1. Anything in the range 69-79 that is in contact with a helix residue (DSSP H, G or I) (Cβ under 6 Å, 6 or more places away or on another chain) and in a loop (DSSP other than H, G, I, E, B)? List them, or say none.
2. I need the full set of residues from the range 2-14 which are within 16 Å of PHE262 (Cβ to Cβ) and open to solvent by 20 Å² or more (accessible area, probe 1.4 Å), in order please.
3. Tell me the residue from VAL236, VAL205, VAL224, VAL219 that is of a type outside the set (D, E, K, R), surrounded by fewer than 23 Cβ atoms within 10 Å (Cβ to Cβ) and within 23 Å of PHE308 (Cα to Cα), please.
4. Which of the residues that make up the range 244-279 are basic (Lys, Arg) and either touching a residue at least 40 places away in the same chain (Cβ under 8 Å) or open to solvent by less than 50 Å² (accessible area, probe 1.4 Å) (or both)?
5. Can you name the number of the only condition in (1) open to solvent by less than 10 Å² (accessible area, probe 1.4 Å); (2) part of a strand (DSSP E or B) that THR188 fails?
6. Of all residues in the range 230-268, which are among the acidic types (Asp, Glu), part of a loop (DSSP other than H, G, I, E, B) and closer than 14 Å to VAL128 by Cα?
7. Kindly evaluate CYS25 against the criterion of being outside any helix (DSSP H, G or I), free of Cβ contacts under 8 Å to residues at least 60 places away in the same chain and farther than 18 Å from THR10 by Cβ.
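The values are calculated or read from the model by the stated rules, or taken from the named source; none is laboratory data. The structure displayed is predicted, hence computed values, not measured ones. For neighbour counting, all protein chains shown are included, and Cβ atoms are generated from backbone atoms with ideal geometry for every residue, glycine included. Ligands, DNA and RNA are stripped out before the accessible areas are found, and what is left, the full protein with its side chains, is counted by its heavy atoms. Shrake-Rupley method; radii C 1.70, N 1.55, O 1.52, S 1.80 Å.
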Amino acid sequence: MKKILVLGATGSIGTSTLDILRNDCEDFVCCGLSANSKKEELERLSAEFSCPSSLTKDEGIDGIKRLLDETKPDIVVNGIAGSAGLLPSMAVLETGTDLALANKETVVMAGPLMFDAAKKSGSRILPVDSEHSAIFTLIHQCKKENLDKIIITASGGPFRTYSRDKLARVKVADALKHPTWNMGVKITIDSASLANKGLEVIEAVRLFDVQASQVQVVVHPQSVIHSLVRTKDGIVYGQFSEPDMKHPILQALDWPEVRHNFMRPFDLTDTADGCRTLTFEKPRMDDFPMLGIAFYCAEKSASYPIVFNAANEIAVQDFIDGRIGFLDIPELVGKVLEGSDWSNSPRDLSDVFEADRLAREMAKKFLRR
């Protein structure tokens, strides 16, 4: 029986993970929980699963380190949102524990450093993003040496068909109406701007050690194919499943085993009319420039991905707070990237956090202007 420590237990990834643990109690046991601020909900979950917990708003990273030391998990699910997930990821990797990673900012901000930490300790990093989980499996099946291109699918978000004029008038409530996925506020807005897909491009380049030119994004509104790979012979292989985050989480918890589970098997004809229509289109990068900016940062590497993430977090919060419009998000991120030289590669976490701090300061200055 695997012992699972869940970080970010009250968020969308944490909630899905706990659903798995409730339904598969013969194979998994929840040994510990953390949350940022939902104290009452965390206490309720801690009582339900009879395990220790940490409210990180009070205890910080020390609370997570305490849980790691007390519980000795077999695998840790990191469902913490945003840049706050970086230190917990590194803390897990330093203990030699396997990491089921849903926090893409960890890879975007400090990919090379976390890979070094995992190599030294013997930890395995298992991606939980549905797209990277699919790519991870497909590369394992097709073999890295046969890989030609990674094709990341995108739903297109709630504004896929909006004109640029209409995009200029959208509100936060509009951005939160995602057509296929139920996610947290920040990631849902990132999905609407395609910034989330941009972060996934950077993550794919770093996780799978490929060039940015080897990654393609294709809009697939039905969110049934979670990503694809093309091999050198020109053949494309894809992973199909219902848009439910429990699939990639369960895959990470079980890896490398593939076994029957409580989830309903995928059926191409299991719909009201007995058929499915799957469509694909090119992303409108002129109208959704965050994706193009992310490709640029993935190619430049160094500190550019850190700046992309930091400036976007500031811009999204200001959009949520009503201080800027939706189309101001990519404008602000672009200004920050152009506002300084970000070509130094971080040597350690202090370099990562310094680039992050400088980018946030610059973003706030541009906003005040």
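1. Correct list: GLY79 only.
2. LYS2
3. VAL219
4. Within the range 244-279, LYS246, ARG276 qualify.
5. (2)
6. ASP244
7. Yes.
Residue by residue, here is whether (1) in a strand (DSSP E or B); (2) farther than 16 Å from GLY198 by Cβ holds:
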{"position": "GLU145", "(1), (2)": "no, yes"}
{"position": "ILE150", "(1), (2)": "yes, no"}
{"position": "GLY157", "(1), (2)": "no, no"}
{"position": "THR161", "(1), (2)": "no, yes"}
{"position": "LYS166", "(1), (2)": "no, yes"}
{"position": "VAL170", "(1), (2)": "no, yes"}
{"position": "ALA173", "(1), (2)": "no, yes"}
{"position": "PRO179", "(1), (2)": "no, yes"}
